[in-house]
Each structure stands twice: as C-alpha cells, then as structure tokens.
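Shown next, in structure tokens, is the structure this report addresses.
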Amino acid sequence: MYYVYIIQSKKYSRQFYTGFTNNIEGRLKDHNKGKSPHTSKFKPWKLIYFCAFGNKKLALDFEKYLKTASGIAFRNKRLIKLGY
C-alpha cells in the first residue's frame, strides 16, 4: 500500500506537512527524529490524516494535488478540522 498523509506540528498548530510513503509509522518516526529538513524545525508532529492507495501513481498524484493552492483549500475544508 501507498499512503498520502498529513501531519500537524504539536508546537505550532498552524504548521502542516503533506507527504507520501509506503510505511506511515516509520515515516512519522523519521519526521519526529528530525530526519526531514522540511519538518525538523517544527517537531514533534502528530498524524492527523492518511489515505491508502493500491496504486503508487494515484497516491503521488493526490499528494501533488494536496500541495497546490486548491488542494490546501480542500484539505482545510474537507480533511482536517482547524481549531484556531
């Protein structure tokens, strides 16, 4: 399986990161260990959304969409609850 996930910083609640992996638990641990330069300064992270795909291309296409302006608007309206 392939996963598209959204994590939220526990310290900076307005910081989100969208990613792709085939090992969601291991990837979250990597983010929290600071192994990703894009997320290391906002750790620790919590998983707030994931979606599983059987097709790698579909997962990568969905991740790419979620990183666009319209994808971020979709994320904020449909996938996560903003509590600020």
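Report, by residue number, each residue of the stretch 35-49 that is surrounded by 15 or more Cβ atoms within 10 Å (Cβ to Cβ) and part of a loop (DSSP other than H, G, I, E, B).
Listed by number, the residues that qualify are S36, T39, K43.
I'd like to check something: does the stretch 53-68 contain any residue that is without any contact (Cβ under 8 Å) to a residue 24 or more places away in the chain, out of contact with any His (no Cβ under 9 Å at 6 or more places or on another chain) and of a type in the set (F, W, Y)?
yes
Specify the residue that is modelled with the highest pLDDT; the eligible residues are those in the stretch 51-84 that are loosely packed, with under 11 Cβ neighbours inside 10 Å and of a type in the set (K, R).
The selected residue is K57.
Evaluate the stretch 14-29: report whether one residue or more is acidic (D, E) and surrounded by fewer than 18 Cβ atoms within 10 Å (Cβ to Cβ). Talk me through it step by step, then tell me what you get.
So the first thing to find is which residues in the stretch 14-29 are acidic (D, E), and the list is 25.
Restricting the remaining residues to those that are surrounded by fewer than 18 Cβ atoms within 10 Å (Cβ to Cβ) gives 25.
Among the residues of the stretch 14-29, at least one is acidic (D, E) and surrounded by fewer than 18 Cβ atoms within 10 Å (Cβ to Cβ), which makes the answer yes.
Looking at the stretch 50-84, which of its residues are within 12 Å of the chain's Cα centre (by Cα), closer than 12 Å to F16 by Cβ and outside any helix (DSSP H, G or I)?
Of everything in the stretch 50-84, those that are within 12 Å of the chain's Cα centre (by Cα), closer than 12 Å to F16 by Cβ and outside any helix (DSSP H, G or I) turn out to be K67, I80.
Do you know which residues across the stretch 66-78 are touching a helix residue (DSSP H, G or I) at 6+ places or on another chain (Cβ under 8 Å) and closer than 21 Å to L28 by Cα?
So in the stretch 66-78, the residues touching a helix residue (DSSP H, G or I) at 6+ places or on another chain (Cβ under 8 Å) come out as 66, 71-72, 74-75.
Within the stretch 66-78, L66, I72, R75 meet the criteria.
Just give me the residues in the stretch 19-34 being of a type outside the set (A, V, I, L, M, F, W, C) and either in a strand (DSSP E or B) or touching a residue at least 60 places away in the same chain (Cβ under 8 Å) (or both), in sequence order.
Across the stretch 19-34, the qualifying residues are G19, T21.
The values are calculated or read from the model by the stated rules, or taken from the named source; none is laboratory data. The structure displayed is predicted, hence computed values, not measured ones. Glycine gets a Cβ as well: all are built from the backbone with ideal geometry, and neighbour counts include every protein chain shown.
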